[in-house]
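Below is one structure, written out as structure tokens; comments come after it.
The values are calculated or read from the model by the stated rules, or taken from the named source; none is laboratory data. All values derive from a computational prediction rather than experimental measurement. In this analysis, Cβ positions are derived from the backbone assuming ideal geometry, glycine residues included, and neighbour counts consider all displayed protein chains. Just the protein is used for accessible areas: all its heavy atoms, side chains included, with ligands, DNA and RNA removed. Shrake-Rupley method; radii C 1.70, N 1.55, O 1.52, S 1.80 Å.
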Amino acid sequence: MSQPLDALTKSLLQAAKTAGADSADAKAIRATSVSVDVRAGALEQAERSEGVDIGLRVFVGHRSAIVSASDTSSRTIEEMAERAVAMAKEAPEDPFSGLADPDQLATHWNLDALELVDPTAEPTPQAMQDDAAEAEAAALAVKGVSQVQSASAGYAAHATHFATSNGFDAGYNRTDRGLSCVAIAGSGTSMERDYDGDGRIFQSDMRAPDDIGQTAGERAVARLDARKPPTGAFPVLFDERISSSLIGHLLGAINGSSISRGASFLRDAMGEAVLPDHLSLIEDPHRPRASGSRPFDGEGLPTARRMIVENGVLQGWTLDLATARKLDLAPTGNAARGTSSGPSPSNWNIELTQGTASRDDLIREMGTGLLVTSMIGSTINPNTGDYSRGAAGLWVENGEITHTINECTIAGNLRDMLRNMRPANDARTHLSRVVPSLLVPGMTLAGA
């Protein structure tokens with residue numbers, strides 16, 4: 001019988017102490033995952049994996065090292081601790097490393113309110129196969145779809161436990177259910193593909209398989225007969241499927257790692273307007289049934305709702321302990337980590353203020369321009385915010401969609417793009433990043 005995760009972290013901490021570590025933290029994860037792939041109505045592949053990963057970070061003065069393993073035997077734990085301490089003694093000193101102070105650690109939370117675990121039974125492989133087959137059939141029923149590249153269903157259950165040598169000791173569980181479909185339309189050199197999918201914590205929240213398959217098929221067909229756009233300055237509407245990437249660039253620019261290195265186009269923007277005056281960006285790690293929710297971060301600090309941008313004005317950086325110490329600021333409870341890597345700043349659930357206009361309203365108002373539905377590659381200068389990406393989508397002429405576009409490049413500067421964008425009202429509120437379609441005026445398009 002496998003050991004409880006809390007017992008494993010205790011064993012790791014005790015082994016670290018015995019090996020000579022001044023302090024340590026330990027993480028243990030037990031994961032179960034199931035995936036089913038269907039092709040041509042038949043089961044193509046089914047996989048199930050179960051395992052436990054353990055990680056140990058030790059400190060010897062201001063020197064540290066991290067080791068991990070998937071073997072949880074007592075001998076392995078002892079060897080991990082001895083190896084980690086030996087590595088730490090040879091590591092360079094980092095005056096900003098170290099555990100949180102005891103008074104910084106999270107002490108209370110409400111796991112039930114987060115709803116991270118679906119209480120219903122794990123889906124059977126047959127049920128998952130049926131869902132994938134239904135999605136595939138719905139995609140193939142769309143006129144113009146020639147084949148389905150993949151229809152896949154997945155389920156995962158994770159248990160995490162984290163403990164530190166100065167008193168933190170807690171864990172939580174999480175479940176995930178997913179379904180996706182990739183459809184191909186056309187034939188020969190004129191083939192195009194697109195996808196749809198859904199991922200939820202609770203199976204009862206999942207969209208219907210036939211809806212996912214049909215949407216994937218319709219999106220693939222809509223990409224046929226694509227042309228290149230004209231070259232020039234046009235408004236660009238980022239579809240809700242990919243609009244969160246723009247906010248992702250903002251989040252990257254205010255990440256403590258970037259700020260502490262001075263490698264950010266927003267490094268001097270604290271207290272300045274970075275979004276339109278009526279928009280705010282909120283982080284809420286306590287939103288129920290959201291994939292970015294968690295009761296505490298990867299260093300045992302409490303997570304909390306915070307304003308990242310309020311009425312357009314940047315309010316703060318995203319910090320773990322080390323970057324907070326480097327910048328002489330308070331940590332924000334945003335440390336993320338695995339068992340084999342140290343903490344680094346990361347954002348949890350993000351929500352951008354939605355607009356009052358629909359996506360169709362913005363299409364009518366933009367006149368002539370590009371509705372971007374997918375992007376590939378990127379050339380982004382993190383220091384200046386200069387932005388250039390390959391894009392595909394739909395061309396808008398006189399406020400109406402006229403044809404499909406591919407093989408084009410969109411370019412601008414992120415500081416200007418973020419400050420002048422206009423949101424629609426179509427964000428999916430169950431996602432970890434709730435970001436609607438975003439209209440950005442005056443971008444440069446390079447096509448024909």
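Would you call residue 171 modelled with pLDDT under 95, more than 19 Å from residue 42 (Cα to Cα), in contact with a strand residue (DSSP E or B) (Cβ under 6 Å, 6 or more places away or on another chain) and open to solvent by less than 30 Å² (accessible area, probe 1.4 Å)?
Values: modelled with pLDDT under 95: no; more than 19 Å from residue 42 (Cα to Cα): yes; in contact with a strand residue (DSSP E or B) (Cβ under 6 Å, 6 or more places away or on another chain): yes; open to solvent by less than 30 Å² (accessible area, probe 1.4 Å): yes.
It is false that residue 171 is modelled with pLDDT under 95, more than 19 Å from residue 42 (Cα to Cα), in contact with a strand residue (DSSP E or B) (Cβ under 6 Å, 6 or more places away or on another chain) and open to solvent by less than 30 Å² (accessible area, probe 1.4 Å).
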TODO: List the number of the failed condition for residue 129; all other conditions in (1) more than 30 Å from residue 330 (Cβ to Cβ); (2) open to solvent by 50 Å² or more (accessible area, probe 1.4 Å); (3) polar (S, T, N, Q); (4) modelled with pLDDT of 95 or more hold.
DONE: (2)
Task: Odd one out for residue 24, checked against (1) part of a loop (DSSP other than H, G, I, E, B); (2) open to solvent by less than 50 Å² (accessible area, probe 1.4 Å) - done: (1)
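With closer than 30 Å to residue 213 by Cα, at pLDDT below 95 and not hydrophobic (A, V, I, L, M, F, W, C) as the only criterion, which of 3, 45 stands out?
Result of the check over 3, 45: 45.
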TODO: Working only within region 189-216, note down all residues that are under 18 Å from residue 432 (Cα atoms), in a strand (DSSP E or B) and open to solvent by 40 Å² or more (accessible area, probe 1.4 Å).
DONE: 199, 200
- [ ] State which residue is nearest to residue 191 (Cα to Cα) when the search covers only region 221-259 and only residues that are assigned to a loop (DSSP other than H, G, I, E, B) and open to solvent by 30 Å² or more (accessible area, probe 1.4 Å).
- [x] 224
TODO: Just name the residue that is least open to solvent (accessible area, probe 1.4 Å) out of those in region 56-100 that are without any contact (Cβ under 8 Å) to a residue 12 or more places away in the chain and assigned to a loop (DSSP other than H, G, I, E, B).
DONE: 73
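Quick one: is residue 351 acidic (Asp, Glu) and at pLDDT below 95? Reasoning before the result, please.
Working: acidic (Asp, Glu): yes; at pLDDT below 95: no.
When the stated conditions are applied, residue 351 does not pass them.
Among the residues of region 175-188, count how many are in a strand (DSSP E or B) and more than 18 Å from residue 130 (Cβ to Cβ). Walk me through it before giving the result.
Narrowing region 175-188 to residues in a strand (DSSP E or B): 175-185.
The next check asks that each one be more than 18 Å from residue 130 (Cβ to Cβ); those that pass are 175-176, 182-185.
Total satisfying the criteria: 6.
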Open item on the list: For a quick check of your reading of the model, give me the residue pairs whose first member lies in region 114-136 and is closer than 16 Å to residue 183 by Cβ, whose second is surrounded by 21 or more Cβ atoms within 10 Å (Cβ to Cβ) and of a type in the set (D, E, K, R), with beta-carbon atoms closer than 9 Å and at least 6 apart or on different chains.
Closed with: 135/196
Task: Cβ pairs under 9 Å, 6+ apart, first in region 18-33 and farther than 10 Å from residue 5 by Cα, second open to solvent by less than 30 Å² (accessible area, probe 1.4 Å) and of a type in the set (Lys, Arg) - done: 24/57; 25/57; 26/57
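Please give the strands (runs of 3 or more DSSP E) falling wholly within region 314-408 in which 1 or more residues are basic (Lys, Arg) and open to solvent by less than 60 Å² (accessible area, probe 1.4 Å).
Values: elements: 350-352, 369-380, 386-397.
In region 314-408, the matching strands (runs of 3 or more DSSP E) lie at 386-397.
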Open item on the list: Taking the condition of being open to solvent by less than 40 Å² (accessible area, probe 1.4 Å) and either at pLDDT below 95 or within 20 Å of residue 432 (Cβ to Cβ) (or both), how many residues in region 288-305 meet it?
Closed with: 9
TODO: Give me a count of the residues in region 4-16 that are out of contact with any strand residue (DSSP E or B) (no Cβ under 7 Å at 6 or more places or on another chain) and farther than 26 Å from residue 177 by Cα.
DONE: 4
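Could you please find all residues in region 143-159 being under 30 Å from residue 25 (Cα atoms) and either touching a Cys at 6+ places or on another chain (Cβ under 6 Å) or surrounded by fewer than 20 Cβ atoms within 10 Å (Cβ to Cβ) (or both)?
Restricting attention to region 143-159, the residues satisfying the condition of being under 30 Å from residue 25 (Cα atoms) are 155-159.
Hits for region 143-159 are 156, 157, 158, 159.
Among the candidates 377, 442, 385, which residue alone is farther than 15 Å from residue 241 by Cα, of a type in the set (Gly, Ala, Ser) and without any contact (Cβ under 8 Å) to a residue 40 or more places away in the chain? Before the answer, list the steps.
Values: 442 fails: without any contact (Cβ under 8 Å) to a residue 40 or more places away in the chain; 385 fails: without any contact (Cβ under 8 Å) to a residue 40 or more places away in the chain.
Of 377, 442, 385, the one residue that is farther than 15 Å from residue 241 by Cα, of a type in the set (Gly, Ala, Ser) and without any contact (Cβ under 8 Å) to a residue 40 or more places away in the chain is 377.
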- [ ] Report whether or not residue 134 is under 30 Å from residue 411 (Cα atoms), modelled with pLDDT of 95 or more, assigned to a helix (DSSP H, G or I) and not small (Gly, Ala, Ser).
- [x] no
TODO: Provide a single number: the residues in region 288-303 that are of a type in the set (A, V, I, L, M, F, W, C) and more than 18 Å from the chain's Cα centre (by Cα).
DONE: 1
